[in-house]
1. May I ask you to order 23-31, 51-59 by the average number of other C-beta atoms within 10 Å around their residues, highest value first?
2. Amide H to amide H under 5 Å from Arg45: which residues, 5+ apart in sequence or cross-chain, H placed 1.01 Å off N in plane?
3. Would you mind calculating the gained length between Ala48 and Leu8 on full extension (0.36 nm times residue separation, minus the Cα-Cα distance), in nm to one decimal?
Amino acid sequence: MDDGREVLINTNTPRTIAGSNRFVTASEVATLKFVRQSTSLPVPRVLAWNTDSANESGSEYIILEKTPGVALDEIWEGLSTLQRADSFCIGPLCNVRSEQSGVESPQDPGTSGPC
């Protein structure tokens, strides 16, 4: 972007198990927004999204602000099994679970828009 921020664009590929792409995209947006607002996890901010494939891109999409830090796939192989479990599985899941107690579910996000 002009201001130096980096963005990621997520276009949906067909997901027959997960259901309609329209609902998958809307669910991903709602989940990202919910987790971002309800926890301290570093979740990327949704900048724009659209669940209608009849747009200029020809696909449902989500545009996300890139979260600062190191990508997990860059360090995963160098971690021990204990480090993987403690740092990325057990610890974070426990933290998320404790943060989510008492948090209400989000409302219907609609079909497109900025967040």
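1. 23-31, 51-59
2. Hits under the 5 Å cutoff: Glu65.
3. 13.3 nm
Each value in this text was obtained by applying a stated rule to the coordinates, not by laboratory testing. Please read these numbers as outputs of a predicted model, since none were measured by experiment. As a convention, Cβ positions derive from the backbone with ideal geometry for all residues, glycine included, and neighbour counts pool all protein chains shown.
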